[in-house]
Amino acid sequence: MKAITCIDDLQDEHKRRVPRMFYDYVDSGSWSESTYRDNQSAFSRHKFKQRVMVDMDNRSLKTTMLGEEVSMPTALAPVGLTGMQWVNGEIQAAKAAEKFGVPFCLSTMSICSIEDVAEAVSKPFWFQLYMMKDRDFIRRLIERAKAAGCSALVLTADLQIMGQRHKDIRNGLSVPPKITMSSLLNIAMHPAWCLKMLGSKRHSFGNVVGHASGVERLTTLAQWSAEQLDPTLTWDDVKWVKDLWQGPLIIKGIMCEEDAVLAAASGADAVVISNHGGRQLDGAPATLDVLPGIAEAIAGKVEIWMDGGIRSGQDMFKALALGADATLIGRAYQYGLGANGETGVTRCLELLANELDLTMAFCGLKDINTVTEKVLL
């Protein structure tokens, strides 16, 4: 592997090592992908105010998220199919996050189950919940997360219906995957990935298959998945989830001030400003662009986090300056995972922390908790 000096290097390795359908699943948006691209380009519209002759010694990136100390203000966002980027990928990512001192969030649509991850780590992790029509299944899923010791529940609010993702359709990335001659050929061109996957017993959706009614195997999951996304989900359902969960609740998918106010009023402990990485409503604004207005609307009521387009510690620093209390990263750590498993995720976190630390120093600060909009021009 070449020297890894930035997230782009990890992305190159990820693309080289993983079959196209799974790489494209991570590195794509919906429709024209304009929102996906704008999430990243939005950061370039903001410039730093560099300071000199300031004591930069003894710097600290430590802060808290939901009252728990973290080594830097970020968490690994929930990403479906993580276990197809690297064998047992959710376990590998969770281990890297635990050792580095940042939270890991497991997706409902993970390959490794809640119980698989809980058995592999020693500290609590978060669980992300997609609301399905089968409320009995959701009830049991929440109970499983509680039994596994998950410390927070992340309710995703922006997937009541599915955005159209052209790359996934072309690649046959459905449930179960559509095997074509093209996809078989591409998979065969990645023998190392194939050998690793053959050595694992986990190739399905561990939180669903064998747990949801009528879904005993992967082949029966397709119809269930198509029918289960719940377009009737409203704010009234948050109380039902909160009463069942009885722990810290995060609502992910907020993109306007009105919804942010409603989320805070619903009893959420934190909100994530997120457009699902540009994978839902194409043409929606970049998350960084709506961050300041949302932060002003709900400041002091809940913790305000943001994801979307973050590819460096400098991006994280800009998000903090514009009103976020912390960030979530998805694609960045997926690139690391696809590049080299747990070691790759660790390298991703190291790169981000180093870039965040150096940027903070150049802007004349020593404590990440003191970042304000004054660091930007």
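Derivation of every value follows stated rules applied to the coordinates shown; laboratory data play no part. Remember, it's a predicted structure, so these values are computed and weren't measured experimentally. Quick reminder, even Gly has a Cβ in these numbers, built from the backbone with ideal geometry, and neighbours come from all protein chains shown.
Data for the structure
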item: Estimated FRET transfer efficiency when R0 is 35 angstrom, pair residue 34-residue 136 (beta carbons, to 0.05); result: 0.35
item: Calculated FRET efficiency for the pair residue 169/residue 376, C-beta based, R₀ 35 Å, to 0.05; result: 0.30
item: Where labels lie 7 Å past Cα in the beta-carbon direction, separation of residue 256 and residue 6 in nm; result: 3.6 nm
item: The chain, helix-only ellipticity at 222 nm - DSSP H runs n ≥ 4, -39,500 (n - 2.57), divided by all residues, nearest 500; result: -12500 deg cm²/dmol
item: Charge dipole of segment 7-375 about the Cα centre (unit charges at C-beta), most positive-ward option of 207, 335, 298; result: 335
item: Cβ-based exposure ranking for 54, 79, in which fewest neighbours within 10 Å come first; result: 54, 79
item: Computed P(r) (all Cα pairs; segment 291-377; 10 Å bins; percent); result: 18, 45, 29, 8, 0
item: Of 62/366; 123/196; 252/366; 167/318; 133/242, those spanning more than 20 Å from alpha-carbon to alpha-carbon; result: 123/196; 252/366; 167/318
item: Acute angle (nearest 10 degrees) that the helix 287-298 long axis makes with the longest principal axis of the chain, alpha-carbon atoms; result: 70 degrees
item: Principal axis dimensions, the chain - Cα atoms, whole angstrom, descending; result: 63, 50, 42
item: Cβ crowding within 10 Å averaged over residues, with 242-252, 135-145, 227-237 ranked highest first; result: 242-252, 135-145, 227-237
item: Segment residue 151-residue 198, length gained on full extension (0.36 nm per residue, minus Cα span); result: 13.7 nm
item: Relative packing of 100-109, 192-201, 59-68, 329-338, which averages over residues the other C-beta atoms within 10 Å, highest first; result: 329-338, 100-109, 59-68, 192-201
item: For the chain, built as a Gaussian network whose Cα springs stay under 10 Å, the top-fluctuating residue of 99, 318, 146; result: 99
item: C-alpha long axis of helix 7-17 to longest principal axis of the chain, angle in °; result: 20 degrees
item: In degrees, nearest ten, helix 331-362 long axis to first principal axis of the chain (Cα); result: 10 degrees
item: Separation of the residue 71 and residue 240 label points, Cα + 7 Å toward Cβ, nm; result: 4.0 nm
item: Part-to-part distance (alpha-carbon centres) for segment 86-136 and segment 335-357, which is given in Å; result: 18 Å
item: Under the Karplus curve 6.51 cos²θ - 1.76 cosθ + 1.60, θ = phi - 60°, whole-Hz ³J(HN,Hα) for segment 26-43, x wherever Gly or Pro sits; result: 6, 9, 7, x, 9, 6, 7, 6, 5, 5, 4, 5, 5, 3, 7, 5, 4, 5
item: Dipole of segment 84-176 [Lys/Arg +1, Asp/Glu -1 at C-beta], most positive-end residue of 92, 162, 122; result: 162
item: GNM flexibility winner over the chain from 306, 162, 181 (Cα, springs under 10 Å); result: 181
